[in-house]
1. I'd like to check something: does the stretch 105-127 contain any residue that is under 21 Å from Gly238 (Cα atoms), in contact with a Lys or Arg (Cβ under 8 Å, 6 or more places away or on another chain), surrounded by 18 or more Cβ atoms within 10 Å (Cβ to Cβ) and at pLDDT 80 or above?
2. Just one of Asp45, Asp52 is under 28 Å from Asp130 (Cβ atoms), loosely packed, with under 11 Cβ neighbours inside 10 Å and modelled with pLDDT of 90 or more; which is it?
3. Could you check the stretch 176-194 and list, in sequence order, the residues that are farther than 23 Å from Leu152 by Cβ and surrounded by 13 or more Cβ atoms within 10 Å (Cβ to Cβ)?
4. How many residues does the stretch 209-238 contain that are over 24 Å from Asn191 (Cβ atoms), of a type outside the set (Val, Ile, Thr) and touching a helix residue (DSSP H, G or I) at 6+ places or on another chain (Cβ under 8 Å)?
5. Inspect the stretch 245-254 for any residue being more than 23 Å from the chain's Cα centre (by Cα), surrounded by fewer than 14 Cβ atoms within 10 Å (Cβ to Cβ) and at pLDDT below 95 and give the result as yes or no.
6. Could you list all residues from the stretch 44-69 that are within 21 Å of the chain's Cα centre (by Cα) and either part of a loop (DSSP other than H, G, I, E, B) or farther than 21 Å from Ala249 by Cβ (or both)?
7. Search the stretch 129-175 for residues being among the acidic types (Asp, Glu) and surrounded by 15 or more Cβ atoms within 10 Å (Cβ to Cβ), and hand back the single one that is nearest to Gln65 (Cα to Cα).
Amino acid sequence: MKSLKLLSCVLMASTLLSGCGSTPGSDVPIVNNMPVYPPMPVLSDKPYVWDDSISEALNVARMAQPSGIGYGISDEVDGKTARLDRESSLMRLLDGGLGLVTSGVVGVVQSESLSQGVNRQVEWKPTIVDLVDKSVITENGQISFSKTRNYLASKIRAAIEVDRPNMEWGDALTLKRRNFKPDFSQIIKGNICKEIRYFEGFDESRLTFTGNYSEAYHEGKNIEESYCSFKVEISVAGEMDSGQYILIAETKFGHLLNSHIINNYD
């Protein structure tokens, strides 16, 4: 399976036979006490064909564009040796991480160099572009949000654990809200939460947070404890002409662990 890193309610007929409700303030139906998420849409109906005349990174940017990222960049004259040039201060792509073409991974790093200090790191929000076989994230002929979320969360955790093997993980959960959004929060527990919240600018009095998962998240356990998290929005930009889905995972805020994701996601 090839992965790329980019600098990122329909009920089945069978469920209608069961008791069905919804969580107050949420448009996600609840069947047998479990949320039934809508399937993930494919944002482009035109298969992406790899263009050998442009750089790997620009190919990655173009295949991600239906998800709203990857615009405003161009190759130099020779795409095969090109870097990416920024054309807008709003661009999310930078040439700093290009050229990582090992094990099928193409690297593109977002925002300014991490060497510019914590303030810039907080603004650094990497996005993953992952080419995934359809069978991995589909169920009953549709793209399953739960399978997509769990697939990405598992790979993100594995990437972080390369550098931080003693991470204490909770579940990957989706917030309860009035309008469903395809995203998830990866729960983190343990002393690292103080380090994470300090990095994000919280003062000493707010370095710990205690809450009950079931009050905030679908599928959250009825447990109250101290935790922190990072949030990832996901979408399916389209599919390759080879038949793989183009899966996009965009971190929504700068995070202490982002560099581990970019360096090790595979």
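The values are calculated or read from the model by the stated rules, or taken from the named source; none is laboratory data. Keep in mind that what you see is a predicted model, and the values were worked out from it rather than measured. Cβ coordinates were reconstructed from backbone atoms using ideal geometry, including for glycine residues, and neighbour counts include every protein chain displayed.
1. Looking only at the stretch 105-127, we keep the residues that are under 21 Å from Gly238 (Cα atoms), and these are 105-108, 126-127.
Applying the additional criterion that residues be in contact with a Lys or Arg (Cβ under 8 Å, 6 or more places away or on another chain) yields 105-108, 126-127.
With the extra rule that they be surrounded by 18 or more Cβ atoms within 10 Å (Cβ to Cβ), the set shrinks to 106-108, 126-127.
Add one more test, that the residue is at pLDDT 80 or above, and what stays is 127.
Within the stretch 105-127 (the criterion being under 21 Å from Gly238 (Cα atoms), in contact with a Lys or Arg (Cβ under 8 Å, 6 or more places away or on another chain), surrounded by 18 or more Cβ atoms within 10 Å (Cβ to Cβ) and at pLDDT 80 or above), the answer is yes, since at least one residue qualifies.
2. Details: Asp52 fails: modelled with pLDDT of 90 or more.
Sole residue among the options that is under 28 Å from Asp130 (Cβ atoms), loosely packed, with under 11 Cβ neighbours inside 10 Å and modelled with pLDDT of 90 or more: Asp45.
3. Looking only at the stretch 176-194, we keep the residues that are farther than 23 Å from Leu152 by Cβ, and these are 178, 191, 194.
Lys194, the sole residue that qualifies.
4. Matching residues across the stretch 209-238 total 4.
5. no
6. Initially, the stretch 44-69 is screened for residues within 21 Å of the chain's Cα centre (by Cα), giving 44, 48, 56-69.
Those that are within 21 Å of the chain's Cα centre (by Cα) and either part of a loop (DSSP other than H, G, I, E, B) or farther than 21 Å from Ala249 by Cβ (or both): Ser44, Gly68, Ile69.
7. Restricting to residues being among the acidic types (Asp, Glu) and surrounded by 15 or more Cβ atoms within 10 Å (Cβ to Cβ), the top hit is Asp130.
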